[in-house]
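For reference, the structure is listed below as structure tokens.
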Amino acid sequence: MDTRPTSTSALLLFSGGQDSATCLAWALSRYDRVETVGFDYGQRHHVEMQARLDVRAAMAAAFPDWATRLGEDHVVDIAGYGAIAESALTADRAIEMAADGLPTTFVPGRNLVFLTIASALAYRRGHGAMVGGMCETDFSGYPDCRRATIDAMQQTLSLGLATDITIETPLMWLDKAQSWALTHELGGDILVEIIRKRSHSCYRGDRSELHDWGYGCGTCPACELRAAGWQHWRSGDGA
């Protein structure tokens, strides 16, 4: 993680959640130019779309050196995909385990679609790397978050574009406590506060109450994971 990248610029898949916000800071600390891309895929709650803008603005204001590296933001409308890949994130369904053993929050093929579209943008914008917040440690069982999936996509996209493209996943082997620790390592208390208050992870889109770990309903799987990671890190056991 300490080695310098071979590419001087990167495109970050940026949802506005804790993981991608942490990855934005990670990328800005490594690359000379970082652009972001978000996807409007018909998600029920558009809170995260505003969170994306808030996180970008807050990081640029707090870290002038990062501000000079932060490039354009792109938003891609793929609502049609969200309609066919129906889940509890895109339709009025209960958040629970489905018969296939996956949570109903799983959006089939989401990362595969995101990476494919992002690769076209990266190709056009001249980025040799893409960065994503996929994580196999705290991943709720989503199969498209596994590093094996990302490796396969990296090979496929490089072949399909006839150019080498790297997919960086700095959180792949970190749990949420370690992600909070990385946030502090990258930007101290200031960055922790930005991600705590500005990013959004709650599946229910709830920003009515600010908890120690950030905004959220406090009961959905995303909130529980984020809260547990915060508590573990703050206890000193997750460093």
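For Ser208, state whether it is on the phi < 0 side of the Ramachandran plot, part of a loop (DSSP other than H, G, I, E, B), among the polar types (S, T, N, Q) and crowded, with 22+ Cβ neighbours inside 10 Å. Working first, answer last.
Details: on the phi < 0 side of the Ramachandran plot: yes; part of a loop (DSSP other than H, G, I, E, B): yes; among the polar types (S, T, N, Q): yes; crowded, with 22+ Cβ neighbours inside 10 Å: no.
Here the answer is no, as Ser208 does not meet what is asked.
Would you say Lys197 is under 17 Å from Ala25 (Cβ atoms) and surrounded by 22 or more Cβ atoms within 10 Å (Cβ to Cβ)? Judged against the criteria, Lys197 is not a match.
For the range 168-202, the set of residues classified as of a type in the set (D, E, K, R) and within 15 Å of the chain's Cα centre (by Cα) consists of Glu168, Asp175, Lys176, Arg196, Arg198, listed by residue number. When you scan the range 130-152, do you find a residue that is buried (at least 18 other Cβ atoms within 10 Å of the Cβ), more than 17 Å from the chain's Cα centre (by Cα) and not charged (D, E, K, R), even just one? No, that holds for no residue. Only one of the numbered conditions (1) at pLDDT 95 or above; (2) within 18 Å of Met59 (Cβ to Cβ) is not met by Ser201, and that is (1).
Ala181 - would you say it is surrounded by fewer than 22 Cβ atoms within 10 Å (Cβ to Cβ) and free of Cβ contacts under 8 Å to residues at least 12 places away in the same chain? Steps first, answer last, please.
Numbers: surrounded by fewer than 22 Cβ atoms within 10 Å (Cβ to Cβ): yes; free of Cβ contacts under 8 Å to residues at least 12 places away in the same chain: no.
Here the answer is no, as Ala181 does not meet what is asked.
The values are calculated or read from the model by the stated rules, or taken from the named source; none is laboratory data. Computed from a predicted model, the values in this text were never measured in an experiment. All Cβ positions, glycine included, derive from the backbone under ideal geometry; neighbour counts span all protein chains shown.
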